[in-house]
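Engineer: One structure is given below, represented as structure tokens, and several questions about it will come after.
The values are calculated or read from the model by the stated rules, or taken from the named source; none is laboratory data. Quick caveat, the model's predicted, so the values are computed rather than measured. Ideal geometry is used to build each Cβ from the backbone, glycine not excepted, and the neighbour counts take in all protein chains shown. Accessible surface areas use protein heavy atoms only, side chains included; no ligands, DNA or RNA. Shrake-Rupley method; radii C 1.70, N 1.55, O 1.52, S 1.80 Å.
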Amino acid sequence: MNKILYFSHVPWNWIKQRPQFIAEELSQHYQVDIFQEKAYVSNLVSGSVSKLKIITLFRLPLNRISIIRRINAWLMKRQLRPKIAEYDYLWFTSPTLYRSVQNIIPRKIKVIYDCMDDILAFPAIQSDPVWKKEMRKAEKEMIGRANAVFCTSEHLKEKLMARYGSESDEITVINNALNIYNNIHAETLPDEIATAFDSGIKNLTYIGTVSAWFDFETALQALNMYPDLHLYLFGPTEVDIPRHERITHFGPIRHEQVYAVMEKAGALIMPFKLNDLILSVNPVKLYEYIYCGKITIVRKYGETSVFGDYVYLYDNASEFISLVDKYMRNELTLKQTPETCHQFGMDNSWEKRVDKIREKLPQVTFANPDNIRISSNTIVLNEKSYIDGLVQNLLDANMDEIVFLDGGSTDGTYELLLEYERKYPNRIVAIRWKQPDNSVFGDAFRESVRRNVQKDASTGDYILIIDADERINLDFKQHITLSPASIATPWLQFWGDKIRVNTADDAVWYPGYRVRFMRNVPELRFQQYSNLGIHYNFAQRGHRLIFGFTRSSMWQKLFAAYNRLWGFSYVINEKIIIYHLHYQNLNLFKINDLRKDEKDFEIIAVNNPAEGLAYRLDNQQICCLNSEIQPELKTFMEKYRRN
């Protein structure tokens, strides 16, 4: 079952809206985990129960303040970084959430944007130019990254297309809908609510968030004209409600109670002020009003006009008052039969909407590790004799992308790479970086800079660092797990036709692990540490990472804990092996080539007929394993060593 990480900008216990409905329906087909920011509001609905896993992310209040938004974005990243790569889809309901995590989303994960409202039209954002600019940038980047974009209305789709230059087929309209309950009127109402309705008083009832778009002026006109008329409000409020003896605000109610309230209501109303925000709204409550089969009075605009066969529409205050007058005189009747209203609900259920969403969702192709996209990175300089063997090895291992960076070879290496690039245009990339004339090697080479250039040119989900004289086992992809961690692999060396043995008393090379696989994420970079310009460290968000494979287990654990502070972790995978062929021709021995922080030992080839090839570090003799006891490795070496 595919996994969805569902970022909801609406608190789960807020009055039930589109994010909650869609998440619940999606959970019938996917594993859905809800991540929501901590809510600093008091008018939540208590007692709301969900079978979904709901995780609340800590954040600071006052998110409208720029510095607080930056801190909260950092907090979001810290909390989500270890978890995010476990999912197949990331579902966002607002760009406010996307901008906090966009730099830590692996490329293999499908991003879904469900645009519920025109976020730039909200009064709080309209009044803050800095915040509005941030949100516009975030929404544009999210639509550009998203694998699927949904929105609630045609009007909203047109606005998004005009604002960001999106094509019409890139955005799918998924209207709002309603939840179908088996017994919609079975819920018992609190005594205060039941008494208000049972008194027989004529009432106009509104269910939903009471905010700046609620037209209290027109509602008050009606109340002042009809002394026996009451206005009942259900839902959270974001504005001050006018003081009036016949306006009663009951606060939020559980969604299971909504239909019981509608059944008892006199007439249901939706008295909106038309503004840029409302014009894009496809009202959820209108679907529920119609399904309940009650007299309904609604402000007319593009998104509500299509419901004219079911509800009474008005254009202005006088038309609203006229409809209320008819209601007071019992002259308003239902426009459709209960059976027709019920069928309307069945045709516009959240189940039907999610069926359409599932048809549009991009297929996840990374559930099988064989389909992980990997880019190999190799820096070369005058290594023509190794290229054929390396390219053949990587092609046979089904490497998705092979990226070379040539540092100014003069032996024909770069020309050979260009031939391979022409032969395999969709798999092999050759980048040229010539060493500046008369430059000092260490000043100009800067291996970390070149590796970052390679990494930025790579499109894979993982990067494999492999040198020209190294090879990898052909089935390595089968052993990669979908993990957010980088991978450390064994590093085995050929000495002649033998394989070097790592022993626990070898202080230099043991245990021979190297972090060669890493996730291709922007915050992980290469960083220089040698004045010679060669070699590098990893840096996560600018912080140098530390590895201790040659140290005790205690040091390794300490280093690992330090790296995790910056969001970096690795796993050791013994089934992926890097084979080093540098010493396979003993005539090319490099003396004092250990290039470690430890003391340089002199390497001496020792032929011992009883034990096979050996080498000596200082006065310690270390034996090598005869590759003939592992015939497949001997064959591997012979095929991929050189031309």
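Engineer: With a Förster radius of 25 Å, plug the Cβ-Cβ distance of Asp396 and Ser569 into 1/(1 + (r/R0)^6) and report the FRET value to the nearest 0.05.
Structural biologist: About 0.25, to the nearest 0.05.
Engineer: Shifting gears a bit: Sort region 199-346 into rounded, prolate or oblate with this rule: let a ≥ b ≥ c be the square roots of the eigenvalues of the Cα gyration tensor; rounded if a/c is under 1.5, and if a/c is not under 1.5, prolate when a/b is larger than b/c, oblate otherwise.
Structural biologist: It comes out rounded by the Cα gyration axes.
Engineer: Which shape class applies to region 167-268: rounded if a/c is under 1.5, otherwise prolate when a/b exceeds b/c and oblate if not, where a ≥ b ≥ c are the square roots of the Cα gyration tensor eigenvalues?
Structural biologist: Here region 167-268 falls in the oblate category.
Engineer: Heavy atoms only, probe 1.4 Å: what % of the accessible area of region 164-271 goes to carbon and sulfur, would you let me know?
Structural biologist: Result for region 164-271: 43 percent of the exposed heavy-atom area is carbon or sulfur.
Engineer: Quick check for region 140-285: number of Lys pairs with alpha-carbon distance under 18 Å, counting only pairs 8 or more apart or on different chains?
Structural biologist: Lysine pairs meeting the criterion: 5.
Engineer: So, by mean Cβ neighbours within 10 angstrom, what's the order for 563-575, 103-115, 326-338, 279-291 with the highest one leading?
Structural biologist: Packing order, densest peptide first, comes out as 279-291, 103-115, 563-575, 326-338.
Engineer: Now for a different question. Between His244 and Asp198, what length in nm is gained on full extension when 0.36 nm per residue of separation is reduced by their alpha carbon distance?
Structural biologist: Full extension of this stretch gives 14.5 nm more.
Engineer: Could you give the accessible area per residue of region 303-346, probe 1.4 Å, as a whole number in Å²?
Structural biologist: Spelled out: the 1.4 Å probe surface of region 303-346, per residue, equals 53 Å².
Engineer: So if each residue of separation counts as 0.36 nm, and I subtract the Cα-Cα distance between Arg422 and Arg329, what length gain in nm does that give?
Structural biologist: Extending this stretch completely gives an extra 25.1 nm.
Engineer: Please calculate the 1.4 Å probe accessible area of His479, with all protein chains present, and give it to the nearest 10 Å².
Structural biologist: Roughly 50 Å² of His479 is accessible to a 1.4 Å probe.
Engineer: A further question on this structure: Figure the gain on full extension for Arg544 and Lys53 (residue separation times 0.36 nm, minus the Cα-Cα span) and round it to one decimal in nm.
Structural biologist: Extra length from Arg544 to Lys53 when fully extended: 173.2 nm.
Engineer: Using the structure shown, list the pairs from Lys3/Lys108; Lys3/Lys477; Lys83/Lys356; Lys3/Lys110; Lys294/Lys326 with a Cα-Cα distance above 18 Å, or answer none.
Structural biologist: Listed pairs above 18 Å: Lys3/Lys477; Lys83/Lys356.
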